[in-house]
Structure formats: structure tokens, C-alpha cells
Amino acid sequence: MQKFKISTEVCFGADSLSALKEIKAENAAIFTDAFLAKSGAADKIASYMTGCRNIKVYADIKPDPPVELIADALGFLLDANSDVVVALGGGSSIDAAKSTVLIARKKTGKDIPLIAVPTTSGTGSEVTSFAVITDRQAGVKYPLVSDELLPVKAILAGELVASVPPQITADTGFDVLTHALEAYISTAANDYSDALAEKALELAFEYLPAAYKNGNDAVAREKMHTASCLAGMAFNAVSLGVNHGIAHSFGAHFHIPHGRANGMLLPYVMWYNAGLDGVALEPTVTRLAKIAKLIGLPAFNAKTGAQNLVNKLKNMQRELGIPTSLKAAGVTKEQYAQVKAHIIESALNDACTATNPRKLVGKDIENILSNLDKF
Ligand code: NAD
């Protein structure tokens, strides 16, 4: 038996922020980062929380939240005696809030509902049972997995994403493509996750370039926000693959943002998974050809379709400024040599790798990475 569950309520479209008015609490907290606090976004969110008497803002969240930050945030939450938390920001703010709330619930015995308001279109964290916390010293990202991490409500307000600069739009947009493609070819994929992944891919291939070129394109921003959420629902149900397995350690070691690390690897992982290095591998090659057709690329046979999809991803990398080598991402030959074996080992052991459609050994990961190993 398989099960499919989506429990987070998703509010979207015009005036979706007014869903914040439904929150009734004595003490509420907003978890966000310094940029969003300074930009006025946190004040805007607070102005909608008319049913909350006291609102405190924790604005210290940093990208790829480290373990120590969660301890600090927990102290804040307990001091504020918060009854509800609104996470405002990208995956980092949402994941930090998810982890902190989970521990605070255990400590206080209070329910403490979490509402997520994403301000990047990338991680889908607003609808997933995951939170990724980084151990900076060990160069490892730990995914916490529990349905208790799921926000009760996700509020998708495209207008909050308009300020995201082009490079972060590209990084996070490639995260969406990676989530949807890995979910689509996951060994656990099913008709429900396929429907979500296909729609996410259709939207992301069409609207990511437009959102990158013009951040004020409200339609493109809205559609990318939807794509991100749909891709999050898809991978939450069927997990991911080796692209994420490699990116977690690769990104943590070299301080490469999560979406960019995924985007650098994506064409090569899809190429490998389809068996384009030799004998085409079913069903992955046919599934990737199906996506090629869906987005209007020629696919005379499965292998051509999959190859055209890989080429499309490479073209998009160039168009959106995703680095195509370790050197371009600021990594030196010496830094890479020092941690290469660790990256390979971590990728093999990463939980995401378990649902990759092609089984791998260390040499396969080394071969995938060799596409970026140009100094
Ligand atoms: P992020 O949250 O780290 O934010 C990146 C940068 O964008 C920050 O400097 C932030 O201030 C800025 N930013 C955010 N919103 C902005 C806006 N509206 N305007 C201008 N700047 C803005 O980036 P992310 O890619 O959203 O999240 C990455 C994190 O999420 C990583 O730690 C990754 O491992 C994790 N992740 C979690 C899940 C999950 O399911 N929980 C899935 C994928 C990734």
C-alpha cells in the first residue's frame, strides 16, 4: 500500500496575506533574516497579524542555518513565550523556524503552530516534512525529517518575491527544477507525485527565465512561487535523488548556496541517470523524454528526448549565470582535492540518494563531479 498526504493548507492568489488575520494569539513570533526585517517585509507581515496581541521579531537567521543558531532561536522563543510562529523568508528562515518550534513544543508541551510565508521560490519548505540544518565544522547538512515539521499553513504571496535579486532567482529556480525532476524519476514516484512534478516543471521551464530577466514580472513571480510549492509537495511524497545527495555535502564544504549547487550538477545527473553515457536506462530515459515533450522539445525517441532535456538545462545554466565549473563557483583545485573523497562518501550515505533511479558506487559520483572538475 502507498499513501499520499498533503496536510498544509496553501493560501495563494491576490490578497493571500490576509490569511494572517485568521491567527489568534496572545504572543506571536516572526522568524526571519536581517534583510527581510530591514526591507520592511517583517513589519508588513506583522501589520496583517491583527489577531495577535504581542508580536516579537527574531531576525537573526542566516543562510544554511547552523546548529548553534537553533539554540539561540530556541532561547528567544522560550523567553517570548510564543503561542504561534510565522516563518518569513527563504528555506533558511523556514527551516530554522521549523526546527526551533519542534524543540520548543517538546520543552513546553504547547502546540505552537507554524505558518510559513516563503519569500524565495525554491525550496518548497513551506509544505515539506524536512528541515535542513548545517554542521559547519563537519561540512555536513543534516536533514531532519518529521511530519511534525509541517507548517499548518503556507501563504504564497508573489509580491514578497519581487525583491529577490537575479542570481538568487536563478539559484532558487534551479532548486525547483531539481526537486521536480528528481521527484519525477525517483524510485518511489507515483501518479500523484508525477502530476505535481509535471505541472511544476511546465511552469518552471516557462517562467524561470522571465522571472530572472525581470524581477517585477508579477505573473512570472507568481507562477514560480506555485511551481516551487508543487515541486515541494512532489518531493515530500517521493523523496529526491543523488543530485541532492551530492549537493548537500558539496554546498556545505564550499559555501555554495543550495539551489546553485543543485543547478551546477543537474544536467550531468540527469545525463547519468538516463544512461546517456552508454546503454539508455529505462524507465528514466523515457520519463525524461516525456518531460522534454511536455515543454516542447523534440523527442523522436527516448534517448533524443532525454538528451534534448539535458541540453536545455545546460543552455539555461548559461542563460541564468549558474557556474558550470568548480573554478567558476570560486573553488580552488586544492580545496576540491582536500574534500573530494568526503563529498563522495557523504553523497553515497545521504538519505536522498536512496531513491535515485540508478544505483551508484563512488566512481559514478566521481564521474558526475568530473564534469565540473575543470581548473
Ligand atoms: P535562503 O533562505 O538561504 O536565502 C538566500 C538569500 O536570499 C538570503 O540572503 C536571504 O536574505 C535572501 N532573500 C530571501 N528572500 C528574499 C527576498 N524576498 N528579497 C531579497 N532577498 C531575499 O535561500 P533558499 O534557497 O530559499 O533556502 C536554502 C535553504 O533551504 C538551504 O539551507 C537548503 O538546504 C534548505 N532547503 C530546505 C528544504 C526543505 O524541504 N526544508 C528543501 C530544499 C532546501
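The values are calculated or read from the model by the stated rules, or taken from the named source; none is laboratory data. Keep in mind the model is a prediction, meaning the values are calculated, not measured. No Cβ is skipped: glycine too gets one built from the backbone with ideal geometry, and neighbour counts run over all protein chains shown. Note: areas computed on protein heavy atoms with side chains; ligands, DNA, RNA excluded. Shrake-Rupley method; radii C 1.70, N 1.55, O 1.52, S 1.80 Å.
Hey, any hits in region 213-221 for a residue that's within 12 Å of the ligand (Cβ to nearest atom) and basic (Lys, Arg)? Walk me through how you get there before you give the answer.
Going residue by residue through region 213-221, those that are within 12 Å of the ligand (Cβ to nearest atom) are 215, 221.
Pick out the ones that are also basic (Lys, Arg) and you get 221.
Among the residues of region 213-221, at least one is within 12 Å of the ligand (Cβ to nearest atom) and basic (Lys, Arg), which makes the answer yes.
Are any of the residues in region 184-196 touching a Gly at 6+ places or on another chain (Cβ under 6 Å), of a type in the set (A, V, I, L, M) and within 30 Å of residue 340 (Cβ to Cβ)?
no
Of the residues 18, 47, which is in contact with a helix residue (DSSP H, G or I) (Cβ under 8 Å, 6 or more places away or on another chain) and either surrounded by fewer than 14 Cβ atoms within 10 Å (Cβ to Cβ) or part of a strand (DSSP E or B) (or both)? Even if it seems obvious, please write down each step before you answer.
On the way: 47 fails: in contact with a helix residue (DSSP H, G or I) (Cβ under 8 Å, 6 or more places away or on another chain).
Exactly one of 18, 47 is in contact with a helix residue (DSSP H, G or I) (Cβ under 8 Å, 6 or more places away or on another chain) and either surrounded by fewer than 14 Cβ atoms within 10 Å (Cβ to Cβ) or part of a strand (DSSP E or B) (or both), namely 18.
For region 50-86, name all the residues that are among the small types (Gly, Ala, Ser) and either over 22 Å from residue 110 (Cβ atoms) or in a helix (DSSP H, G or I) (or both). Explain how you work it out, then say what you get.
From region 50-86, those among the small types (Gly, Ala, Ser) are 51, 59, 71, 73, 75, 80, 82; that's our starting set.
Result: 59, 71, 73, 75, 80.
Could you check residue 93 against (1) open to solvent by 10 Å² or more (accessible area, probe 1.4 Å); (2) within 10 Å of the ligand (Cβ to nearest atom); (3) within 16 Å of residue 32 (Cα to Cα) and say which number it fails?
(1)
Does residue 256 satisfy being outside any helix (DSSP H, G or I) and either within 12 Å of the ligand (Cβ to nearest atom) or touching a helix residue (DSSP H, G or I) at 6+ places or on another chain (Cβ under 9 Å) (or both)? Full working, then the answer.
Numbers: outside any helix (DSSP H, G or I): yes; either within 12 Å of the ligand (Cβ to nearest atom) or touching a helix residue (DSSP H, G or I) at 6+ places or on another chain (Cβ under 9 Å) (or both): yes.
The answer is yes for residue 256.
I'm trying to understand the selection: among the residues of region 334-350, which are of a type in the set (A, V, I, L, M) and either under 16 Å from residue 243 (Cα atoms) or touching a helix residue (DSSP H, G or I) at 6+ places or on another chain (Cβ under 9 Å) (or both)?
Let us first name the residues in region 334-350 that are of a type in the set (A, V, I, L, M), namely 337, 339, 341, 343-344, 347-348.
Of everything in region 334-350, those that are of a type in the set (A, V, I, L, M) and either under 16 Å from residue 243 (Cα atoms) or touching a helix residue (DSSP H, G or I) at 6+ places or on another chain (Cβ under 9 Å) (or both) turn out to be 339, 341, 343, 344, 347, 348.
Restricting attention to region 128-140, report how many residues are in contact (Cβ under 8 Å) with a residue 60 or more places away in the chain, open to solvent by less than 10 Å² (accessible area, probe 1.4 Å) and not hydroxyl-bearing (Ser, Thr, Tyr).
1
Of all residues in region 222-236, which are open to solvent by 10 Å² or more (accessible area, probe 1.4 Å) and within 13 Å of the ligand (Cβ to nearest atom)? Steps first, please.
The first filter runs over region 222-236 and keeps only residues open to solvent by 10 Å² or more (accessible area, probe 1.4 Å), leaving 222-223, 226, 230, 233, 235-236.
Within region 222-236, 233, 235, 236 qualify.
Could you grab the pairs with beta carbons closer than 6 Å, sequence gap of 6+ or different chains, first residue in region 82-111 and farther than 10 Å from residue 131 by Cα and without any contact (Cβ under 8 Å) to a residue 12 or more places away in the chain, second one within 15 Å of the ligand (Cβ to nearest atom) and of a type in the set (A, V, I, L, M)?
none
Quick check on my filter: what residues within region 17-43 are touching a residue at least 60 places away in the same chain (Cβ under 8 Å), farther than 18 Å from residue 72 by Cα and within 16 Å of the ligand (Cβ to nearest atom)?
17, 36, 39, 41
Can you list residue pairs whose Cβ atoms sit under 7 Å apart, with the first residue in region 294-316 being within 16 Å of residue 198 (Cβ to Cβ) and touching a residue at least 12 places away in the same chain (Cβ under 8 Å) and the second being assigned to a helix (DSSP H, G or I) and of a type in the set (D, E, K, R)? Count only pairs 6 or more apart in sequence or on different chains.
Short answer, once both residue conditions are applied: 294/198; 294/202; 295/202; 297/312; 305/293.
When you go through 161, 140 one by one, which is the residue that is more than 22 Å from residue 249 (Cβ to Cβ), within 12 Å of the ligand (Cβ to nearest atom), among the hydrophobic types (A, V, I, L, M, F, W, C) and touching a His at 6+ places or on another chain (Cβ under 8 Å)? So that I can check it myself, show each step before the final result.
Details: 140 fails: more than 22 Å from residue 249 (Cβ to Cβ).
None of the other options fit; the residue is 161.
Is it true that some residue in region 195-205 is aliphatic (A, V, I, L, M), touching a residue at least 24 places away in the same chain (Cβ under 8 Å) and within 12 Å of the ligand (Cβ to nearest atom)?
Pass one, region 195-205, residues aliphatic (A, V, I, L, M): 195-197, 200-201, 203-204.
Restricting the remaining residues to those that are touching a residue at least 24 places away in the same chain (Cβ under 8 Å) gives 196-197, 200-201, 203-204.
Checking which are within 12 Å of the ligand (Cβ to nearest atom) leaves us with none.
No: zero hits.
So which residues in region 260-289 are open to solvent by 10 Å² or more (accessible area, probe 1.4 Å), over 18 Å from residue 370 (Cβ atoms), part of a helix (DSSP H, G or I) and touching a residue at least 24 places away in the same chain (Cβ under 8 Å), if there are any at all?
The answer is 260, 287.
Conditions tested, residue by residue: (1) within 16 Å of the ligand (Cβ to nearest atom); (2) open to solvent by 50 Å² or more (accessible area, probe 1.4 Å).
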site	(1), (2)
55	no, yes
64	yes, no
71	no, yes
81	no, yes
104	no, no
110	no, yes
114	yes, no
118	yes, no
